[in-house]
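Engineer: I'd like to ask some things about the structure below.
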Amino acid sequence: MSFDQALRLTSILLASASFIGLALGASLPEWLTLTTGSALILVLLRTMGLRSIDRLATYAPLSTTTWNILVVIGFLGFWVDMLWISGELLPAGIHFLLILMVIKLFNLQLRRDYLHLYAISLMAILASASLTTDLWYLPIFLAYLLTGVWTLLLFQLTKKSEEAAGSSTTTSLRQDPPESHNRITPQLFWLANGLALAAFGLTLVIFFTIPRVSAGFYQKGYGENIRTSGFSDTVNLGAIGPIKRDPSVVMRVELPDRPAHEVGRFYIRGVAFDRYDGRSWTNRLSHRRVLSEDASGTFTLRQSQSRTPTPLGPALRQNILLESLDTPVIFAAPFAETVSGKFLTVQSDSTGALYLPFPSSSRIEYSAVSRSNPVLPTDLQPQSVSYPESFVRHFLQAPVQSERIADLARKIAQTKQTSYDKAIAIQEHLSHNFRYSLDVPLTEQEHPLEEFLFTSKTGYCEHYATAMVIMLRTIDIPARLVTGFLATEWNEYGNYYLVRQQDAHAWVEVHLPHSGWVMMDPTPAISENVGNAAPAWQALVRMVDSLRLRWSRLFVQYSATDQLAVVRELKAGSASVRNRAWDSLATILNPLAAILGRATQYIAEGNAGLLGKFLGLALMGLSVFIWLAWKRPWTRGFQSKRATRDEQPITHLYIRMIRHLARRGISKPTAAPPLEFIRIIQEQWNDASSAVATITELYCRARFGHTPLTKEELHLAQDNLRQLMVLDRP
C-alpha cells in the first residue's frame, strides 16, 4: 500500500475511533449517529477501492460553496441546539463537531483538510473521555493512539514525497523512484507500532505522576443518572415493579470477611417508611442529621450510640462501588453503624437511612460496617408491651379501609402468644399462599392492598411487604416497610455481589421490645443466580465485569491522595513499591486464576477427556493462526487482485487509444512494446505523439510498475484521449 492510500485510510480510521468513543459515551441523536456512521463507511469503502462508491461520488459532486453553506447551517443549528434543544454547551458542541466531521470526510483533498479532520477527531476523543469512566474506553483510546501515530508518521512521509516530487521538473518512466521508497515496509510497520507502544507507556507515566485535582467543569460528564424508584420520601404502591425488569448494574458489593462458600441472599438496605394511606408510603421521619466524622474519615451513626447495651450480631464489613443514581441514598446491609468514603458529609434520618447532601453524578466507592439485631430469648416469651405515643403514631398507623385486613391478621395469629410468633405466622401465610408476579396492574385499583389479599392473591415484593406491615399493625405489632436491593448474583472471579436494577426489593422490619428492629421478608423466594451452573457466556460476562471493577479501582478512582501515597512509598524504599505493584498485578490476574481453578476442579470431577479435547482444538487453532500470521499465504493473491483493480481504468483508456489509432490507419504491431509504439506514432502522426506518450507512460507505470495512479493522473489520461480523438490525421 502506498503512503497516500495509507494516509487516507488511517485518517478515516482515526475519525472512526473518535466517533465510536462519542457514540458509546454520549447519548447522540439517532439521525446524527446514522449519518456519521454511514459517512465513515462510505468514505472507507471508497478509500479501499470500491468502484461503485467512487462512481457515485463523481456523479453527484458538490461545489466548495455548497459545502461552506452546509457549515454555516450547521453552526446556526449549534446555537439552536444549545439554546432550545439540548440546553447545554457540551452536547450541542458534540453534535456540531460530528456535523463538521461528516463535511470534512467528503472534502479530503488538500493537506490542510487532513489537519482539520485531525483537530476534529482530537476534540471528539477528548469529549468522549470526559463523558465516561467505563472500561470500554481503554480499547477505544488504544485504537485512537495507534492510528494517531500511524497518521502523523504517514503525514510527514507524504510531505517529504511531495517536496521531492516538486523539486523535479520532468517525469521519466526510467527515473521513477523504487516502489519500496513510497510503500509501507516491514521496518516502517514495526517502527510505527513501537512508537505507539512508547506513547502508551508515556501516557501511563503521565497519568500516575502528573498532579491532579478532584474537580473539573465536565469531569463527571453530563446527562441523567440511572433512574431508580422507591427511595424518595413518598413512594406509590407498585412503583418498584417497573424497574424490576431493568438489568442495569447499580452497585457491586464486596464482603472481605465473608468466605465465598457462605454467599447467599444478601439484603442491602435503603430507606424505611412509616405511614401508609391506602395507595402510597410516606417517610415522616425523613429529617436528616449530619453524622459526626472522626480523624480517619469515618462517619458514625448517632443511632448506634443510643442503643441499649444488648448483644448484637457480628460486624459485617462491605466495600461498595455505587453507580451514579438519581437518589442521594447510600446503601448498606442492615443495620449500618459506620460508613467511610471520600465524602464531605453524610446524613442520616431517624430510621437509620444514610444520605449524601445531593445525588452523585459519578460512581462512588465507600465502605460500611453493619450489625444485625438477633432475636433475644426474652422476646420469645409472652409479655405485655406498652409503647410511647410517638412510637404508636409512626409504627402502628393503619389506613381506615383495613377492617378486612385486621380480621385476616387476627385469624392467622390467633393461636400465637408472642409478637415474634405472630409475625412469623403472617410471614409464612403470605409466602405460602400467594403467587409472585410482575404482571399485575394493582396500582390501578381503588384499594390495591385488598385486591391483592382477597381477590388476585398475586403480586410482587411491594405488595407482600405492605400487606405484612399493615396486618401486623392491626394486631398492635410495630412494623415498617423498607426498600433496598436483594442481591443474589455472585461474581466468583471478583468475589463480590453484582447488584442490578431488577434486584430492587421491599421487605419488613418488625420491632420487638428487647431485640429492636428485626428484618423479615414475606415475599416468596424466586429464581436465584447463586450457586447455579451458568453458561460459558455468563461466566465471560462476570469476568469482564470483574475487570471493570479493577479498572475503576486502579484508574477511575485514582486520585491525588493515591499519588501522595506512591510518593511516600518511593521515599520509604523500593520494597513497598514492588509489593504494591505485585498486589495490583495479582488483583488483575485474579479472574484468570479463578478460571484455572475451575478448570482443575473440572478435571478432578472426571471431565479430563472432554477438557483435553477442548485444549487440543484450542492449541491447533492457535498454531494455524500463528502460521497464517507468519506466512501470510493470501498476500500474493490479494496484491495481484489489488493491482488488477488499480490497473483497470488506465488499461481501459489505453485499449481505447489503440483501437482509435487502428481506425485512423495506425495499428500496433503485436510484438511491439508500448515504448516502441510511441516511436511509430512519432514517425507516422507526429501531432498525436504527445497524447499517446502521456497515456502510454501512465499505462506502463500502473501496468508494470504496480504504482496506483492518482485521480489527477487519470483525469490527465482522459483529457489526452479526448484531444487525440478530435485530431484529424493528414
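Engineer: What is the one condition in (1) modelled with pLDDT of 95 or more; (2) surrounded by fewer than 19 Cβ atoms within 10 Å (Cβ to Cβ) that THR443 does not satisfy?
Structural biologist: Every listed condition holds for THR443 apart from (1).
A quick yes/no check of all residues on (1) touching a residue at least 24 places away in the same chain (Cβ under 8 Å); (2) within 26 Å of THR203 (Cβ to Cβ); (3) touching a Phe, Trp or Tyr at 6+ places or on another chain (Cβ under 9 Å):
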site	(1), (2), (3)
ILE85	no, no, no
HIS95	yes, no, yes
LEU108	yes, no, yes
LEU115	no, yes, yes
TYR118	yes, yes, yes
LEU145	yes, yes, yes
VAL149	yes, yes, no
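Engineer: Among the residues of region 659-702, write down those that are within 60 Å of the chain's Cα centre (by Cα) and closer than 17 Å to LEU716 by Cα. Working first, answer last.
Structural biologist: Going through region 659-702, the residues within 60 Å of the chain's Cα centre (by Cα) turn out to be 674, 691-702.
Across region 659-702, the qualifying residues are ALA691, VAL692, ALA693, THR694, ILE695, THR696, GLU697, LEU698, TYR699, CYS700, ARG701, ALA702.
Engineer: Further question: Looking at (1) surrounded by 15 or more Cβ atoms within 10 Å (Cβ to Cβ); (2) closer than 30 Å to THR64 by Cα; (3) at pLDDT 80 or above, which one does LEU146 not meet, given that it meets all the others?
Structural biologist: (2)
Engineer: Taking GLU389 as the residue in question, decide whether it is surrounded by 15 or more Cβ atoms within 10 Å (Cβ to Cβ) and charged (D, E, K, R).
Structural biologist: Details: surrounded by 15 or more Cβ atoms within 10 Å (Cβ to Cβ): no; charged (D, E, K, R): yes.
When the stated conditions are applied, GLU389 does not pass them.
Engineer: Hey, another quick one. Of the residues ALA119, ALA129, ALA164, ALA124, only one is at pLDDT 90 or above and either surrounded by fewer than 19 Cβ atoms within 10 Å (Cβ to Cβ) or touching a strand residue (DSSP E or B) at 6+ places or on another chain (Cβ under 9 Å) (or both); which? Spell out how you get there, then give the answer.
Structural biologist: Values: ALA129 fails: at pLDDT 90 or above; ALA164 fails: at pLDDT 90 or above; ALA124 fails: either surrounded by fewer than 19 Cβ atoms within 10 Å (Cβ to Cβ) or touching a strand residue (DSSP E or B) at 6+ places or on another chain (Cβ under 9 Å) (or both).
None of the other options fit; the residue is ALA119.
Engineer: Being surrounded by fewer than 20 Cβ atoms within 10 Å (Cβ to Cβ), out of contact with any Pro (no Cβ under 7 Å at 6 or more places or on another chain) and within 16 Å of GLN648 (Cα to Cα) narrows it down to one residue among ARG722, ARG729, ARG701; which is it? It would help to see each step written out before you state the result.
Structural biologist: Working: ARG722 fails: within 16 Å of GLN648 (Cα to Cα); ARG729 fails: within 16 Å of GLN648 (Cα to Cα).
Testing whether each residue is surrounded by fewer than 20 Cβ atoms within 10 Å (Cβ to Cβ), out of contact with any Pro (no Cβ under 7 Å at 6 or more places or on another chain) and within 16 Å of GLN648 (Cα to Cα) leaves just ARG701.
Engineer: A follow-up question, please. Checking LEU675 against (1) part of a loop (DSSP other than H, G, I, E, B); (2) surrounded by 13 or more Cβ atoms within 10 Å (Cβ to Cβ): exactly one of these is not met. Which one?
Structural biologist: Tallying (1) part of a loop (DSSP other than H, G, I, E, B); (2) surrounded by 13 or more Cβ atoms within 10 Å (Cβ to Cβ), LEU675 fails exactly one: (1).
Engineer: With the structure loaded, tell me whether ARG703 is touching a residue at least 24 places away in the same chain (Cβ under 8 Å), in the same structural domain as MET657 (by TED's automatic domain parsing) and not β-branched (Val, Ile, Thr) or whether it fails that test. Outline the logic, then answer.
Structural biologist: Working: touching a residue at least 24 places away in the same chain (Cβ under 8 Å): yes; in the same structural domain as MET657 (by TED's automatic domain parsing): yes; not β-branched (Val, Ile, Thr): yes.
Yes: the conditions hold for ARG703.
Engineer: Considering region 492-511 alone, what residues qualify as being part of a strand (DSSP E or B) and either surrounded by fewer than 21 Cβ atoms within 10 Å (Cβ to Cβ) or among the aliphatic types (A, V, I, L, M) (or both)?
Structural biologist: So the first thing to find is which residues in region 492-511 are part of a strand (DSSP E or B), and the list is 496-500, 504-511.
Answer for region 492-511, where residues must be part of a strand (DSSP E or B) and either surrounded by fewer than 21 Cβ atoms within 10 Å (Cβ to Cβ) or among the aliphatic types (A, V, I, L, M) (or both): LEU498, VAL499, ARG500, ALA504, ALA506, VAL508, VAL510.
Engineer: Looking only at region 319-352, how many residues end up being among the polar types (S, T, N, Q) and under 23 Å from LEU481 (Cα atoms)? Talk me through it step by step, then tell me what you get.
Structural biologist: Initially, region 319-352 is screened for residues among the polar types (S, T, N, Q), giving 319, 324, 327, 338, 340, 345, 347-348, 350-351.
Subsequent filtering for residues that are under 23 Å from LEU481 (Cα atoms) retains 327, 338, 347-348, 350-351.
The number of residues fulfilling the criteria is 6.
Engineer: Within region 104-116, work out how many residues are more than 16 Å from ASP4 (Cα to Cα) and either within 25 Å of the chain's Cα centre (by Cα) or surrounded by 18 or more Cβ atoms within 10 Å (Cβ to Cβ) (or both). Before the answer, list the steps.
Structural biologist: To start, the set of residues in region 104-116 that are more than 16 Å from ASP4 (Cα to Cα) comprises 104, 106, 116.
Remaining after also requiring either within 25 Å of the chain's Cα centre (by Cα) or surrounded by 18 or more Cβ atoms within 10 Å (Cβ to Cβ) (or both): 104.
Residues meeting the conditions: 1.
Engineer: Next question, about the same structure. Quick one: which strands (runs of 3 or more DSSP E) lie wholly within region 288-400 and hold at least 1 residues that are in contact (Cβ under 8 Å) with a residue 40 or more places away in the chain, under 31 Å from the mean Cα position of the chain (by Cα) and not assigned by TED's automatic domain parsing to the domain that holds PRO448? Spell out how you get there, then give the answer.
Structural biologist: Numbers: elements: 298-300, 316-322, 336-341, 364-370.
Answer list for region 288-400: 316-322, 336-341, 364-370.
Engineer: Of all residues being surrounded by fewer than 16 Cβ atoms within 10 Å (Cβ to Cβ) and acidic (Asp, Glu) in region 247-270, which is modelled with the highest pLDDT? Just the residue, please.
Structural biologist: If we take residues in region 247-270 being surrounded by fewer than 16 Cβ atoms within 10 Å (Cβ to Cβ) and acidic (Asp, Glu), then ASP257 is modelled with the highest pLDDT.
Engineer: Looking only at region 528-539, count how many residues are exposed (fewer than 13 other Cβ atoms within 10 Å of the Cβ) and at pLDDT 70 or above.
Structural biologist: Narrowing region 528-539 to residues exposed (fewer than 13 other Cβ atoms within 10 Å of the Cβ): 531-533, 535-537.
Now drop any that are not at pLDDT 70 or above, which leaves none.
Here the count works out to 0.
Engineer: Output the number of residues of region 472-491 satisfying the condition of being in a helix (DSSP H, G or I) and either more than 17 Å from ARG279 (Cβ to Cβ) or assigned by TED's automatic domain parsing to the domain that holds ILE243 (or both).
Structural biologist: Taking region 472-491 and keeping what is in a helix (DSSP H, G or I), we get 472-474.
With either more than 17 Å from ARG279 (Cβ to Cβ) or assigned by TED's automatic domain parsing to the domain that holds ILE243 (or both) added as a condition, the list becomes 472, 474.
Final tally of qualifying residues: 2.
Engineer: Could you figure out which of (1) surrounded by 18 or more Cβ atoms within 10 Å (Cβ to Cβ); (2) modelled with pLDDT of 90 or more; (3) among the aliphatic types (A, V, I, L, M) isn't true of MET519?
Structural biologist: (1)
Engineer: Moving on to the next point. Out of ILE695, ILE680, which single residue is out of contact with any helix residue (DSSP H, G or I) (no Cβ under 9 Å at 6 or more places or on another chain), buried (at least 16 other Cβ atoms within 10 Å of the Cβ) and assigned to a helix (DSSP H, G or I)?
Structural biologist: Numbers: ILE695 fails: out of contact with any helix residue (DSSP H, G or I) (no Cβ under 9 Å at 6 or more places or on another chain).
The match here is ILE680.
Engineer: Please enumerate the residues belonging to region 202-246 that are part of a loop (DSSP other than H, G, I, E, B), closer than 24 Å to SER348 by Cβ, at pLDDT 75 or above and not aliphatic (A, V, I, L, M).
Structural biologist: Once the filter is applied, which keeps residues that are part of a loop (DSSP other than H, G, I, E, B), closer than 24 Å to SER348 by Cβ, at pLDDT 75 or above and not aliphatic (A, V, I, L, M), region 202-246 yields THR228, SER229, GLY230, PHE231, SER232, ASP233.
The values are calculated or read from the model by the stated rules, or taken from the named source; none is laboratory data. Please read these numbers as outputs of a predicted model, since none were measured by experiment. Glycine also receives a Cβ, built like all others from the backbone with ideal geometry; neighbour counts cover every protein chain displayed.
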